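Working notes, beginning with the structure itself.
The values are calculated or read from the model by the stated rules, or taken from the named source; none is laboratory data. Note that the structure is a prediction, hence the values are computed from the model and not measured. Glycine gets a Cβ as well: all are built from the backbone with ideal geometry, and neighbour counts include every protein chain shown. The protein model used for the area step is the full one, side chains on, heavy atoms only, and it has no ligands, DNA or RNA in it. Shrake-Rupley method; radii C 1.70, N 1.55, O 1.52, S 1.80 Å.
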Amino acid sequence: AQSVTQPDIHITVSEGASLELRCNYSYGATPYLFWYVQSPGQGLQLLLKYFSGDTLVQGIKGFEAEFKRSQSSFNLRKPSVHWSDAAEYFCAVGGYGGSQGNLIFGKGTKLSVKP
Amino acid sequence: GAGVSQSPSNKVTEKGKDVELRCDPISGHTALYWYRQRLGQGLEFLIYFQGNSAPDKSGLPSDRFSAERTGESVSTLTIQRTQQEDSAVYLCASSSTSGRRYMNYEQYFGPGTRLTVT
């Protein structure tokens, strides 16, 4: 069955430091991959997506992610974290089931930012 | 334009009561999804509507859960005889299906309804 693993439940980084959030997926073909961010009390906002083509994708708010087929990974990165980036981040995978469009989500990584 | 809206934002109900949650998708989006997010968990898919096709109900956890959608507009998720384990945030999302399959998966989420069953 398709699945998404985010191995880190909670990460704390200092403001200005670099960030990498890990995501691994289990899927038999090339998936569609997404990162969403959820601020407290808010819905999910799409940060970036990968469908095909260039494996390094750029998103909003200075985030990027790299699709590595050999590692079944789609890690999210940001070179310099801002305090406003504190939130929960969800990786999601789709692309199977005919016309069905539902996504499979990881359990999320909560990011805290130290001043 | 306006995003996905959901109402109410918060709902507290007693165990055994029925509740209705509402979702207004982005105008023109033909696909609509409901997800459930329990505390500390990721999102669980519940149900998917695509145009006039029969909905995909494969994620509904029990027959107490049902959902309807009128055409390509508003959807309501109904939970009958609520139980404490139904307490969660219920998120609605919509997407545009412009003929490209992957567009189904680029979903835009509403702010959610936080349901608390006491």
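Sticking with the crude label model, points 7 Å out along Cα→Cβ, report the distance from A:Lys107 to A:Ser52 in nm, one decimal please.
Here the modelled spin labels are 3.5 nm apart.
Please list the non-local residues whose amide H lies under 5 Å from the amide H of B:Leu43, H modeled 1.01 Å from N, same-chain partners needing a gap of 5 or more.
Correct list: A:Phe105.
Rounded if a/c is under 1.5, else prolate if a/b is larger than b/c, else oblate: which is region A:20-88, with a ≥ b ≥ c the root eigenvalues of its Cα gyration tensor?
Numbers: a/c = 2.07, a/b = 1.68, b/c = 1.23.
Cα axes put region A:20-88 in the prolate bin.
Within the set of other residues whose C-beta is less than 9 Å from the C-beta of B:Pro55, count the net charge using Lys and Arg as +1 and Asp and Glu as -1.
Values: positive: B:Lys57, B:Arg69; negative: B:Asp56, B:Glu68.
Taking every other residue near B:Pro55 into account, the sum is 0.
Can you list the aspartates and glutamates whose alpha carbon is less than 15 Å from that of A:Lys78, not counting same-chain residues fewer than 8 positions off?
The reachable aspartates and glutamates, counting only those whose Cα sits under 15 Å from A:Lys78, are A:Glu15, A:Glu20, A:Glu64, A:Glu66, A:Glu88.
With r as the distance between the Cβ atoms of B:Glu85 and A:Ser84 and R0 = 35 Å, compute the FRET efficiency 1/(1 + (r/R0)^6) and round to 0.05. Could you put the intermediate results ahead of the total?
Details: r = 34 Å, r/R0 = 0.98.
According to the calculation, E is roughly 0.55.
Give the accessible area for B:Lys15 in Å² (nearest 10); use a 1.4 Å probe, count only protein heavy atoms, and leave out ligands, DNA and RNA.
We get 130 Å² for B:Lys15.
How far is the Cα center of region A:36-97 from the Cα center of region B:45-100, in Å?
25 Å
Test of understanding: what is the full-extension gain from A:Arg69 to A:Ser39, defined as 0.36 nm times their sequence separation minus their Cα-Cα distance? It would help to have the intermediate numbers written out before the result.
On the way: separation 30, 0.36 × 30 = 10.80 nm, distance 2.94 nm.
7.9 nm is the gain from fully extending A:Arg69 to A:Ser39.
At a Förster radius of 22 Å, what calculated FRET efficiency corresponds to the Cβ-Cβ distance of B:Thr13 and B:Ser66, to the nearest 0.05? Show your work: numbers first, answer last.
On the way: r = 16 Å, r/R0 = 0.74.
Calculated transfer efficiency: 0.85.
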